[in-house]
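*Asks:* Shown below is the structure under consideration.
None of the figures in this text is laboratory data; all of them are computed from the coordinates on show. It should be emphasised that the depicted structure is a prediction, and the values quoted were computed from it without experimental measurement. Glycine also receives a Cβ, built like all others from the backbone with ideal geometry; neighbour counts cover every protein chain displayed.
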Amino acid sequence: MKPKIAFYWCASCGGCEEAVVDLDEALLDVADAVEIVFWPVALDFKVKDLAAMPPGSILASFINGAIRNSEQREMVRLLRARSQVVVAFGICAQLGGIPGLANLSDAKGIFAEVYRDGVTPQTLYRENGHTLTLPEFFDTVAALDEVIDVDYYVPGCPPTPNLIRDAVSTLLGAELPPKGAVLAPDKALCEQCPRKDTRPEKLLLKEFKRVHQIVPDLQTCLLAQGLVCLGAATRAGCDARCIRGNMPCTGCFGPTSRVRDFGAKALSAVASVVDCNEQSVIAQIMDTLPDPVGTFYRYSLPSSLLGRRRME
Ligand code: SF4
C-alpha cells in the first residue's frame with residue numbers, strides 16, 4: 001500500500017496549491033510514490049470520506065493558508081486527527097501570511113469596509129422554510145500551529161518546487177527530522193544571494209527608495225541601492241528568485257531558527273544601515289519607508305509578538 005497524503009487550502013491566495021502543480025513531471029513521481037486521498041482544489045473528494053478514515057491513516061497532510069473562519073478550523077482539526085504528520089505548507093500556514101495583516105482590524109471593521117451598504121454575511125439565514133449557513137468569520141487570523149499541533153513547516157509564498165520535492169522525499173524517508181523543523185536551509189538569504197559580494201561591509205543609507213522610483217542595477221546588492229531588501233533577516237531556500245528578477249526580498253521565507261519575531265529582526269536589520277545619529281533626522285529617513293507593518297510584518301503578524309493591533 002502506498003502512503004496516503006492530503007492537501008488542504010485555508011485562508012490563502014491558492015499559490016501554494018499552484019506550486020504543487022508547478023512540480024511539472026516531478027508531480028508524476030510524487031503521485032507514483034503516494035496515494036493522494038484528499039485534495040479539494042484538484043479532485044472531488046468528500047469530507048465524509050475523510051471523516052470515515054481511521055485516525056492516523058494519512059501519512060502527511062500538507063495544509064496551506066491561515067485560519068480565518070470556523071470551517072477552516074473544523075477541517076484542520078479533522079485532518080490532524082486523521083494524519084500522522086501535519087505540515088504547515090507555505091508562509092500563511094506557518095506564520096499567518098498576508099491574510100494575517102487583517103489583524104490590523106477585526107471582523108466588524110472588515111465587514112464595515114467591504115459591505116458598505118450594511119448588509120453583512122450572517123452565519124444563519126432562514127427563508128421559506130430553508131436554512132442557509134455560513135462559517136463564522138473570526139475576529140483574528142491565526143497561524144496553523146495556534147489551532148492544531150504542527151509537525152513540520154515548509155516556508156515560502158509559495159514554497160519552491162525544489163523545496164516541495166525535498167519535503168515529500170524527507171517525509172517518505174526512513175529518518176524524519178526533529179518535530180518542529182522548518183524544511184529549508186537554516187541560514188539567511190544574504191548568505192546565498194548571487195549579489196552578496198557587492199553588499200558593502202559597512203552599509204550606510206540616508207534614504208530608502210521604493211521599487212518604482214529607481215531602475216536597480218542588475219548586479220549590485222539591492223539594499224546598497226537603497227531598496228528595502230530583507231535578505232539579512234529572511235531564511236534562505238527560495239533560490240533568490242526575487243533577487244534574480246531584480247526585486248528585493250520581502251521576507252516570505254520567514255526567519256531562521258535563531259529569530260523569535262521576524263518583523264523585529266527585519267526592522268533592526270534595516271534600521272542598522274540608517275546613516276545618522278540624530279533622532280529627528282532618523283525619523284525623517286524612516287518616514288521614507290511607507291507602511292512599516294506591511295513592510296516588516298507582511299507575512300508574520302499573527303505569529304509575531306504583536307499578534308494583532310490592540311483593538312481598544
Ligand atoms: Fe542580496 Fe538583498 Fe542580501 Fe543584498 S540585501 S545581499 S540583494 S539578499
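*Asks:* Among A233, A112, A102, which one moves the most in a GNM of the chain with springs linking Cα atoms closer than 10 Å?
*Replies:* Evaluated over the chain, the most mobile residue of the options is A112.
*Asks:* Hey, can you rank 116-122, 282-288 by average C-beta count inside 10 Å, highest first?
*Replies:* 282-288, 116-122
*Asks:* Share of Cα-Cα pairs in the stretch 1-84 beyond 17 Å, in percent?
*Replies:* The proportion of pairs with Cα distances above 17 Å equals 47 percent.
*Asks:* Averaged across orientations, what area in nm² does the convex hull of the alpha carbons in the stretch 92-163 project?
*Replies:* Averaging across all directions leaves 7.4 nm² for the Cα convex hull.
*Asks:* Please report the spacing between the Cα centers of the stretch 211-283 and the stretch 33-65 in Å, no decimals.
*Replies:* Measuring centre to centre over Cα atoms gives 38 Å.
*Asks:* Report Rg/Rh for the stretch 185-305, rounded to two decimals, where Rg is the Cα radius of gyration and Rh the Kirkwood radius.
*Replies:* 0.94
*Asks:* Also: Taking 30 Å as R0, compute the FRET efficiency from the Cβ-Cβ separation of V114 and K46 and round it to 0.05.
*Replies:* 0.45
*Asks:* If you don't mind, another one. Using a cut-off of 20 Å between alpha-carbon atoms, which lysines can reach K202, once sequence neighbours fewer than 8 places away in the same chain are excluded?
*Replies:* List returned: K265.
*Asks:* Now for a separate question. Sum -39500 (n - 2.57) across every DSSP H segment of at least 4 residues in the chain, then divide by the residue count to get the 222 nm mean residue ellipticity, nearest 500.
*Replies:* Calculated mean residue ellipticity at 222 nm is -7500 deg cm²/dmol.
*Asks:* Tell me, what is a quarter of the convex hull surface for the C-alpha atoms of the chain, in nm² with one decimal?
*Replies:* Orientation-averaged projected area of the Cα hull: 20.2 nm².
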